[in-house]
Amino acid sequence: FLQKGDESYTAMEGERVGDYRIDKITENEIRFTYLPMKTKFTLPL
């Protein structure tokens, strides 16, 4: 699950959440792309 403010999202690879695309989900991290700038990020879990 991801949370933004009071809203929770179920995240799946390839899915878009707002301006972001979830690229890869592992037990250690989530990799995603901010689509307007094509910038990639990694979120450690």
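Can you tell me how many residues within the range 25-35 are of a type outside the set (Val, Ile, Thr) and either within 8 Å of the chain's Cα centre (by Cα) or closer than 16 Å to Gln3 by Cβ (or both)?
Count: 2.
Restricting attention to the range 25-44, which residues are surrounded by fewer than 10 Cβ atoms within 10 Å (Cβ to Cβ) and not polar (S, T, N, Q)?
Hits for the range 25-44 are Glu27, Pro36, Met37, Lys38, Pro44.
Mind counting the residues in the range 2-18 that are at pLDDT 95 or above and either in contact with a Leu (Cβ under 9 Å, 6 or more places away or on another chain) or of a type in the set (A, V, I, L, M) (or both)?
0
Scan the strands (runs of 3 or more DSSP E) fully inside the chain and keep the ones with 3 or more residues being of a type outside the set (Asp, Glu) and in contact (Cβ under 8 Å) with a residue 12 or more places away in the chain.
Counting at least 3 such residues, we get 20-25, 29-34, 39-44.
The values are calculated or read from the model by the stated rules, or taken from the named source; none is laboratory data. These figures come from a predicted structure and were not determined experimentally. Glycine gets a Cβ as well: all are built from the backbone with ideal geometry, and neighbour counts include every protein chain shown.
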